[in-house]
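Notes to accompany the following structure.
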Amino acid sequence: MAGKFSKAVREKIWVKVLLAGPSGSGKTYSALRLATGYARKAGTKVAAIDTENGRIRYYANEFEFEDMQLTAPYTPEKYIEAIQAAVSEGFGVLIIDSITHEWDYCLDVHNKMPGNSYTNWAKVTPRHDAFMEEVLQSKIAIFNTVRGKDEYTMEEKNGKQVPKKVGLGYKQRNDVEYNYTVTFNIDQQSHIADATKDNTHIFEGRYEVLTERDGEALYDWANSSKVEPKPIPRGIEEDPLPPEPSSTGELDVTIAQIDVVAKAAGEKLGKPAIATIIKKYHTSANYKSIKDTDVAQSLLKELKEYANE
């Protein structure tokens, strides 16, 4: 007999978060802010595994943490031992900065193996999978950083074409982002985080710099079965929802117009830029919560200027 069904109950969750982006995007700093907020709420300490030649120590005067400096070769087994050490020493939060070196090691081992490339992966993949299982199954909150595959694109700025570094994918195994509770892509210039996967629903529709308060929100979500999700900004989605009813008909019309114009402007500027414009006029990127008609009309006017460029 297969067994019986029973009511599903939320159990304690050890969150696993991935922060990705090109070099200079602020992955390490963002991880420290999230981890600090999470640890503060949990009443625990932060540990950090550093593979970046002590770079995380740049921020030792701003954040409280203990680190372990990992050196080459960056074997999956060495990462596993470090994670286990953090758990055994009683840390509740762990930063791994970064997990790119583990995958680079696996690729290097595979590329140097003689014989059939496909069958050789059977010898390397289990080692990588063991590392990922350790990350996912360990009873500790983990905030990992991963390097983006940096490439340059040209964009117009002040009438000139200038190069911009962007991350196209990750320097890790394909689809690594789907293993995590939340995966963030961080923009190099603005340091704004975009959640490309979010099981918590805390970060959906948000385009902001990550802070300690976000770490606290992650702790609340992971340790409560009745956490109310934050309101989701609706102004810059691919398919905006209809505006909610308002007591002012004129405000309703303006909000509906912003829906259309924000989408058009977003195709030119990108969602983070639109969110920044909205927050010039409002406390958040959720312009549908604007209650002042004059504020809404001022926002609409500026958005039209970008949409019509």
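The values are calculated or read from the model by the stated rules, or taken from the named source; none is laboratory data. Not measured: the values here are computed from a predicted model. Positions of Cβ are backbone-derived with ideal geometry, glycine not excepted, and every protein chain shown enters the neighbour counts.
Quick notes on this structure:
- Which listed residue, of A296, A285, A275, is crowded, with 20+ Cβ neighbours inside 10 Å and in contact with a Ser or Thr (Cβ under 6 Å, 6 or more places away or on another chain): A296
Listed here are the residues, each with its yes/no results for (1) assigned by TED's automatic domain parsing to the domain that holds A48; (2) at pLDDT 85 or above; (3) more than 21 Å from L32 (Cβ to Cβ); (4) among the β-branched types (V, I, T).
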{"position": "V109", "(1), (2), (3), (4)": "yes, yes, yes, yes"}
{"position": "P114", "(1), (2), (3), (4)": "yes, yes, yes, no"}
{"position": "A122", "(1), (2), (3), (4)": "yes, yes, yes, no"}
{"position": "R127", "(1), (2), (3), (4)": "yes, yes, yes, no"}
{"position": "F131", "(1), (2), (3), (4)": "yes, yes, yes, no"}
{"position": "V135", "(1), (2), (3), (4)": "yes, yes, no, yes"}
{"position": "T200", "(1), (2), (3), (4)": "yes, yes, no, yes"}
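- When the range 255-281 is filtered for residues that are farther than 24 Å from V209 by Cβ and either within 24 Å of the chain's Cα centre (by Cα) or in contact (Cβ under 8 Å) with a residue 24 or more places away in the chain (or both), the ones remaining, listed by number, are I255, Q257, D259, V261, A264.
- Only residues that are farther than 14 Å from N223 by Cα and modelled with pLDDT under 95 were counted across the range 7-19, and they come to 2.
- Summed over the range 56-79, residues that are buried (at least 18 other Cβ atoms within 10 Å of the Cβ) and either closer than 21 Å to V124 by Cβ or of a type in the set (S, T, Y) (or both) total 5.
- Residues of the range 172-184 classified as surrounded by fewer than 21 Cβ atoms within 10 Å (Cβ to Cβ) and either in contact with an Asp or Glu (Cβ under 7 Å, 6 or more places away or on another chain) or without any contact (Cβ under 8 Å) to a residue 60 or more places away in the chain (or both), total: 3
- Note on the range 87-127: residues that are buried (at least 19 other Cβ atoms within 10 Å of the Cβ) and part of a helix (DSSP H, G or I) total 6.
- Residues of the range 36-55 that turn out to be buried (at least 24 other Cβ atoms within 10 Å of the Cβ) and under 22 Å from Q189 (Cα atoms), as a count: 0
- Any hit, the range 282-295, residues being more than 22 Å from E204 (Cβ to Cβ), of a type outside the set (V, I, T), under 30 Å from the mean Cα position of the chain (by Cα) and in a loop (DSSP other than H, G, I, E, B): no
- Leading residue by the ranking (surrounded by the most Cβ atoms within 10 Å (Cβ to Cβ)) among those in the range 1-35 that are closer than 26 Å to H191 by Cβ and polar (S, T, N, Q): S25
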